[in-house]
């Protein structure tokens, strides 16, 4: 698999070099791209983007395969009363019971298997607790699919309804030069506040063929986990980007005093479009301390335009990675593409953001995921239904860590 991924990365790197060669030729000749060159450039980068999608998918699949078969019950690792062999046996039994539950439902479980999986005595509701590896791997899959989770700070919420986010609403003034015996001036300018992250419920129903569950080469846990990871991942990505904060996360593209206010917007400078200089303005609106961990976020359509933009210096703002392992960059900063990023070229619309998500965006989530199986309801279609419930919240907590691009 490593060789195959290296081959894909090599092909993608070569395409990026070919695209860059087209741009550099026009720069050396002091002219803009011809229509033929634009078409060739777009075709090359479209192939490069497709390869990148394949690479991302293969990397996610490789991580999933690497995690299959590992011990599941993490809490057993810290239990000194259970030796390692017993831990592995218990983990194996729990996993077997959970797979049995996924295929045939609660009625197929023995009393011992039920006790291993039962959560909070909710027998009538049919809810069981997945083995710890199932929950951890599901969240890992979501990490791979929703890039903001990779960039942001994530806090698990286990024994409380929410978490308070301390904020410094105003800072002290600068220190005063004074004399040794002079009274020091009092400063009461500093004020503190708090924002709250409270995980909101998220649920999804997945229906899977019983025949597939019973005969598939991979285990039922992997099948259900993969589908739920996709469904939960898409919903979260939309909310982390454009959620209004009402019963869901507050997105980075929402103008809000509770998140990122209008003061962090940088106008494009041209009507319903962007240029290279406006991207420079956005970068310079962010303090240099944030640049190292910052990332751009754009839609594919916006990125397509940006790749052909020049600054007033005549340099292209898009730069290909210098090696297979290095991502392409815009003004020396890497970028992410999301299908759910704003993509409307009208005056007053947001079309991109630059930010240090690690410092600026926090996510709170409950680890108490519930899985409910519906056997009889879909029996006529020879399917099992699975309802997963999960709780999550997110919001920008440091507005100065972001700068948004707003069309003039």
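Filter the stretch 206-221 for residues that are closer than 13 Å to residue 100 by Cα, surrounded by 14 or more Cβ atoms within 10 Å (Cβ to Cβ) and modelled with pLDDT of 75 or more and give the result.
Within the stretch 206-221, 210, 213, 220 qualify.
Would you point out the residue of the stretch 94-117, among those that are under 18 Å from residue 132 (Cβ atoms) and surrounded by fewer than 16 Cβ atoms within 10 Å (Cβ to Cβ), that is modelled with the lowest pLDDT?
Here the residue is 115.
Would you check which residues across the stretch 231-282 are part of a helix (DSSP H, G or I) and within 22 Å of residue 391 (Cβ to Cβ) and list them?
If we filter the stretch 231-282 for residues that are part of a helix (DSSP H, G or I), which is where we start, we get 231-242, 262-264, 276-282.
Across the stretch 231-282, the qualifying residues are 231, 232, 233, 234, 235, 236, 237, 238, 239, 240, 241, 242.
Is it true that some residue in the stretch 273-294 is surrounded by fewer than 18 Cβ atoms within 10 Å (Cβ to Cβ) and under 17 Å from the mean Cα position of the chain (by Cα)?
Here is the first cut: in the stretch 273-294, the residues surrounded by fewer than 18 Cβ atoms within 10 Å (Cβ to Cβ) are 273, 277, 280-281, 284-285, 287-289, 291-293.
After this cut, where a residue has to be under 17 Å from the mean Cα position of the chain (by Cα) as well, the list is 293.
Yes, the conditions are met somewhere in the stretch 273-294.
Filter the stretch 172-185 for residues that are exposed (fewer than 10 other Cβ atoms within 10 Å of the Cβ), modelled with pLDDT under 75 and within 27 Å of residue 400 (Cβ to Cβ) and give the result.
The answer is 185, and nothing else.
To keep it simple, each residue is scored yes or no on (1) within 31 Å of the chain's Cα centre (by Cα); (2) within 14 Å of residue 324 (Cα to Cα).
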site: 7; (1), (2): yes, yes
site: 16; (1), (2): yes, yes
site: 19; (1), (2): yes, no
site: 23; (1), (2): no, no
site: 26; (1), (2): no, no
site: 31; (1), (2): no, no
site: 38; (1), (2): no, no
site: 46; (1), (2): yes, no
site: 54; (1), (2): yes, no
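The values are calculated or read from the model by the stated rules, or taken from the named source; none is laboratory data. Please read these numbers as outputs of a predicted model, since none were measured by experiment. Neighbour counts are summed over all protein chains in view; Cβ atoms, including those assigned to glycine, are modelled from backbone coordinates with ideal geometry.
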